[in-house]
Amino acid sequence: MQAIDYRTQAQLAEADGVSEYQVIISLKDRDNRPYISSTQITIDTNIGRINLKDSNNDQAGIQMTVNGGELLVPVIAPTVPSKGELVINTGNSKQVIPLQFTAKLRLLIAIGIVEGARLRQ
């Protein structure tokens, strides 16, 4: 295993405590081909909650085995808009993936319309 690549969904998730932001991690060999051997990884984040079952509760982060070179990592949004990181660690490679959860725009737009109407009076 030589490198960790990732893909994220195009649309940002709202910070509503229930929305899910999906990240697909891909393990690569030295020729940039999928590394399909079973590989133990540690997944951690400083924002939201990783929605995967931990295979070892005695260690920090979420312990997972990647089979086939790819793993979908769903991150449940926090309740407050913010930025953070998802960290994937294989022991010999580490990838830091930026995460961002946005405010509920419908509520902010509605507040802006009400405030704008009040200012005109």
Selection within region 66-89 - at pLDDT below 95 and among the polar types (S, T, N, Q) | N67, T79, S82
Condition met for I111 (out of contact with any His (no Cβ under 9 Å at 6 or more places or on another chain) and at pLDDT below 95) | yes
Qualifying positions in region 1-19 - modelled with pLDDT under 95 and among the acidic types (D, E) = E14, D16
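Take Y6 and decide whether it is touching a Pro at 6+ places or on another chain (Cβ under 9 Å), hydroxyl-bearing (S, T, Y) and under 18 Å from P74 (Cβ atoms). I'd like the intermediate steps shown before the answer.
Values: touching a Pro at 6+ places or on another chain (Cβ under 9 Å): no; hydroxyl-bearing (S, T, Y): yes; under 18 Å from P74 (Cβ atoms): yes.
Against the criterion (touching a Pro at 6+ places or on another chain (Cβ under 9 Å), hydroxyl-bearing (S, T, Y) and under 18 Å from P74 (Cβ atoms)), Y6 does not qualify.
The values are calculated or read from the model by the stated rules, or taken from the named source; none is laboratory data. If you're wondering where the values come from, they're calculated on a predicted model, not measured in any experiment. Here the Cβ is made from the backbone with ideal geometry for all residues, glycine too, and neighbour counts use every protein chain on show.
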